[in-house]
Structure formats: C-alpha cells, structure tokens
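Down below is the structure, laid out as structure tokens.
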Amino acid sequence: MNFKVSVITPVYNAAEFLRKSVESAVNMDEVGEIILIEDGSTDNSLEICKALENEFTKVILYIHEEGKNKGAGASRNVGISKATFEFISFLDADDFYLENRFELSKKIFSEKPDADGIYEATGIFYYSNDAKQNYFDSKGKDKVLTTVKNEVHPDLFFDKYIQRKVGHFTTDAITLKREVFDKVGGFNTELRLHQDSELWYRIAFHCRLYAGNISNPVAVRGVHEKNRIVHSGSKSKFLLYESLFNYFKNKNIHSESLNFIIKKYVNFRSKEVKIVKNRKLNKLLTLILIVIETPMVLRKLISK
C-alpha cells in the first residue's frame, strides 16, 4: 500500500511554534504534503509560512480571502478540500509529531481494509508553569497523556466514546481516509471551540475507527497561555452539546448515548441560563424549558 498523508495545519498567531511543528513532520516518508492555512494572524506567522513554503517542497500555503480570520475549523476545511493524498491527518501549529507518528497506523490500514481511521495517544509539553497550572484536571493532577485508554471494537466505539467511558484523543493523533469527509462532512464552523470534538463524534458514529498506539504518544501538544481551549467555559461546552443533540436526536443511537448528551446539554445550559439562584431549581426549570422546546427529549426521558 502506498501510504501517503496530507498533513493539515491551521496557523493563527503561532510564529514562535510554527517552524518546530512543520519540521517535526516534513521529513517523514509517510508525509506527502503539509498544507498550511494562514488564518489572519496579527504576528509574523504569514512571513514564516512563506519562508517554510520556499524552503520545503512538501509545504503548501493557502491564505483566506482578504487575509480574514475564519477560525481553526474553517481553516481545516480548506485544507481538507485541497488535500491530494489518500490519508489525512492534522497538526496544530503549536504542536509537533514524534518519530513514530505513522508507524502503527500505516500497518493497521494495510491489514484492515475496513478501517476508516486510526486514533492514537498524544503527549503534553508545557511552555510555562502558568500554562501547566491552567491545564490541570479537576482533581489537580497533571495530564501526562491524552488517549483512549483501552482498545475498543469499532462496532462499540461510538457509544463508549461519546459517553466518555474510554477517554479521548486529540486532533494531532487521528489519521483518516480522505473519503471519510465525503461521508461525514467537515468541521462545524458555527462552533468557535470544540469543532474537533464535535467532528470526532460524528465520525465515530458513521465510520470504523481502530486503536493505534494508545500507550505511548505519537504527537505532542504544546500548552501555553495563548491556547484558546484553555479559556473554554460552560458556554462553549453548551454549544457543543447543543450541536450534538441537534445532530443525533433523529439518528438511531443507543438511548444511553442520547441521554448522556441530554444530561450534558441540560447541565451546561443551566450554567448559562440563570433562571433562579437556587442551583437545583435552576436545573429543573432549565430542563422544563428544553422539554418544551424539544419533544424528543421528553419521549426519551419518559422511556428511561
């Protein structure tokens, strides 16, 4: 099998990280091209993009019309539309690949022709102590590895993944057949954050995903104070679960999975819509509002 990957990298104010990111991937035999999409940066990222394109034949630069900032999702969608190789992976401009990035995924794709995608593990690199403090989990523990913790059969993966029973992977650690996007579509540009998570849930529902290297990282996420996701809150998560609810409410999914989405939808909505000060009553009133707006929720809740 001629395994060649189009690596897609949205670039926004990543001047200090971009060269390291590109150089981590450009000399890999499996990488056929690195597509940079400059997303209206206000630093000198564009100049660095142009320099990298001139330096490496694999690097191809695209710029949004009039140099506008359209967000990571829209930028990745441009990259997907421009990709010329059979497989697609992503690499954020402040992250980097490790030498084993495609070692196991290449093998699995050759052995399992039904595989649509391979998910793997991502490590963490902190650019500062402040960034590290912002990225602790709810129990104050350091997040060393982002991964799906156990190998899951593709037929069972969607329900376990969307209910957060097996962990999760990052944008840098999934490799997909290009045809997946013809089936599922691209990133949801109406979401400013969590576009990647929303897409992975849709892909997990429609496609067959296999575990690659989930014990050791194949890529590293750079964490710093400028990371947009560090500043995410209940509103962005509410919008994520609202999008998931609207997408899956008419799909044939397990009731536990839909109820999980509803629970998250209600939880984050209650944090955004402060009807009354009493927390429990606020959640109850918010749930009533959602039931009025969406009869589908009422039917699912009654059937529990």
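In this structure, is Thr189 open to solvent by less than 10 Å² (accessible area, probe 1.4 Å), within 14 Å of Asn77 (Cβ to Cβ) and in contact (Cβ under 8 Å) with a residue 60 or more places away in the chain? When the stated conditions are applied, Thr189 does not pass them. Does Phe96 satisfy being at pLDDT 95 or above and touching a helix residue (DSSP H, G or I) at 6+ places or on another chain (Cβ under 6 Å)? Against the criterion (at pLDDT 95 or above and touching a helix residue (DSSP H, G or I) at 6+ places or on another chain (Cβ under 6 Å)), Phe96 qualifies. Taken over the stretch 218-227, the criterion of being modelled with pLDDT under 85, over 12 Å from Asp92 (Cα atoms) and surrounded by 13 or more Cβ atoms within 10 Å (Cβ to Cβ) is satisfied by His224, Lys226. Among residues that are open to solvent by less than 20 Å² (accessible area, probe 1.4 Å), outside any helix (DSSP H, G or I) and either at pLDDT 65 or above or among the aromatic types (Phe, Trp, Tyr) (or both), Ala204 is not included. For the stretch 197-227, a residue qualifies if it is in contact (Cβ under 8 Å) with a residue 60 or more places away in the chain and touching a Ser or Thr at 6+ places or on another chain (Cβ under 6 Å), and the qualifying residues are Gly212, Ile214, Pro217, Ala219, Arg221. Filtered by the rule that a residue be assigned to a loop (DSSP other than H, G, I, E, B) and open to solvent by 50 Å² or more (accessible area, probe 1.4 Å), the stretch 1-57 gives Met1, Asn2, Lys4, Tyr12, Glu16, Asn27, Asp29, Thr42, Asp43, Asn44, Thr57.
Do we find that Ile174 is at pLDDT 95 or above and within 16 Å of the chain's Cα centre (by Cα) in this structure? Spelling it out, Ile174 is indeed at pLDDT 95 or above and within 16 Å of the chain's Cα centre (by Cα). For residues that are open to solvent by 60 Å² or more (accessible area, probe 1.4 Å) and assigned to a helix (DSSP H, G or I), tally how many sit in the stretch 248-262. Here the count works out to 1. Pull up the stretch 132-157, narrow it to residues that are closer than 15 Å to Ala219 by Cβ and open to solvent by 60 Å² or more (accessible area, probe 1.4 Å), then point me to the one that is modelled with the highest pLDDT. It comes out as Leu145. Of the strands (runs of 3 or more DSSP E) that lie entirely inside the stretch 58-131, not one contains 3 or more residues that are surrounded by fewer than 17 Cβ atoms within 10 Å (Cβ to Cβ).
Tell me yes or no: at least one residue of the stretch 281-290 is modelled with pLDDT under 60 and within 30 Å of Thr9 (Cβ to Cβ). No - not one qualifying residue is present in the stretch 281-290.
Screening Asn27 on (1) farther than 21 Å from Arg178 by Cα; (2) in contact (Cβ under 8 Å) with a residue 40 or more places away in the chain shows it passes everything except condition (2).
Picking from residues in the stretch 158-177 that are charged (D, E, K, R) and part of a helix (DSSP H, G or I), the one that is least open to solvent (accessible area, probe 1.4 Å) is Asp172.
The values are calculated or read from the model by the stated rules, or taken from the named source; none is laboratory data. Owing to the predicted nature of the structure, the values given are computational and were not obtained by experimental measurement. Cβ coordinates were reconstructed from backbone atoms using ideal geometry, including for glycine residues, and neighbour counts include every protein chain displayed. Surface accessibility is based on the protein's heavy atoms, side chains included, excluding ligands, DNA and RNA. Shrake-Rupley method; radii C 1.70, N 1.55, O 1.52, S 1.80 Å.
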